Amino acid sequence: ANYLDSPQFFLIAGPCVVESEAICLEIGQTMKEICADLGIPYIFKASYRKANRTSLNSYQGRGDREGLELIAKMGKTLGVPTLTDVHAAEECSMAAEYVDVLQIPAFLCRQTDLLLAAGKTGKWVNIKKAQFLNGDAMKFAAEKVKSTGNERIWLTERGNMFGYGDMVVDFRNITEMKAHGFPVVMDITHSVQQPNNGSGVTGGKPEMIGTIARAAAAVG
């Protein structure tokens, strides 16, 4: 996991949420093989619990400890770093026992207690930019984590929303966030989401993944 401490290009990918060990292993092995062929370091990502589903009926997880244990097992099995979301301050120390990177969901990037608790674990903290913020404003979120003495910070672009069930990516945000001095991640799949539609299940435009990926790479 030494490349977590360097500016090396890497890929974060995996199942949205832990469903089963078989699914995690299938996706993780496939992604690791692809990344190995391309010479790209791989980070396994899965949420142990999804606390921000559109519908009450959507699958949220199989239990916090069980989900975290499976993520940790994937890290050991695949020999790669792991990443998961945390949703409240009290979750941070628990999740930090199992993963290398704690991710702050976009909607929660202003939550001071959550950012401080994540920073205090000493783990890498990936702060996703809120759908309602610009890149420049993310310096305040980064400063909250940095105030704990932890400078292991990434900032993630994931598009902006204007209340009409669609995401728009303004690539100026990447340049603005890079100016804060931290590595910047592009969350491609969330940037092509079309959330909160009438069905209660988030949709999207996967055909735009290549477009967003190439544009983000061009911006650096």
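The values are calculated or read from the model by the stated rules, or taken from the named source; none is laboratory data. Keep in mind that this is a model prediction, so the values were computed, not measured. Glycine gets a Cβ as well: all are built from the backbone with ideal geometry, and neighbour counts include every protein chain shown. Surface areas here come from the heavy atoms of the whole protein model, side chains and all, with no ligands, DNA or RNA. Shrake-Rupley method; radii C 1.70, N 1.55, O 1.52, S 1.80 Å.
What the table shows:
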| quantity | calculated |
| --- | --- |
| Residues within the stretch 21-46 that are in contact (Cβ under 8 Å) with a residue 24 or more places away in the chain and outside any helix (DSSP H, G or I), tallied | 7 |
| Residue in the stretch 115-130 that is out of contact with any Leu (no Cβ under 7 Å at 6 or more places or on another chain), assigned to a loop (DSSP other than H, G, I, E, B), modelled with pLDDT under 95 and of a type outside the set (S, T, Y) present | yes |
| Residues located in the stretch 85-106, provided they are part of a loop (DSSP other than H, G, I, E, B), more than 24 Å from N134 (Cβ to Cβ) and either open to solvent by 10 Å² or more (accessible area, probe 1.4 Å) or of a type in the set (D, E) (or both) | A88, E97, Y98, D100 |
| Tally, over the stretch 140-173, of residues that are among the β-branched types (V, I, T), surrounded by fewer than 23 Cβ atoms within 10 Å (Cβ to Cβ) and not in a strand (DSSP E or B) | 2 |
| Single residue of A130, A137 found to be open to solvent by 10 Å² or more (accessible area, probe 1.4 Å) and either under 30 Å from L78 (Cβ atoms) or out of contact with any Ser or Thr (no Cβ under 7 Å at 6 or more places or on another chain) (or both) | A137 |
| Long-range neighbours under 7 Å by Cβ, at least six apart or interchain, first residue within 15 Å of C16 (Cα to Cα) and in a helix (DSSP H, G or I) within the stretch 60-78, second modelled with pLDDT under 90 and open to solvent by 20 Å² or more (accessible area, probe 1.4 Å) | D64/R49; G67/R49; G67/G61 |
| Test: residue in the stretch 111-118 that is touching a residue at least 12 places away in the same chain (Cβ under 8 Å), touching a strand residue (DSSP E or B) at 6+ places or on another chain (Cβ under 8 Å) and of a type in the set (D, E) | no |
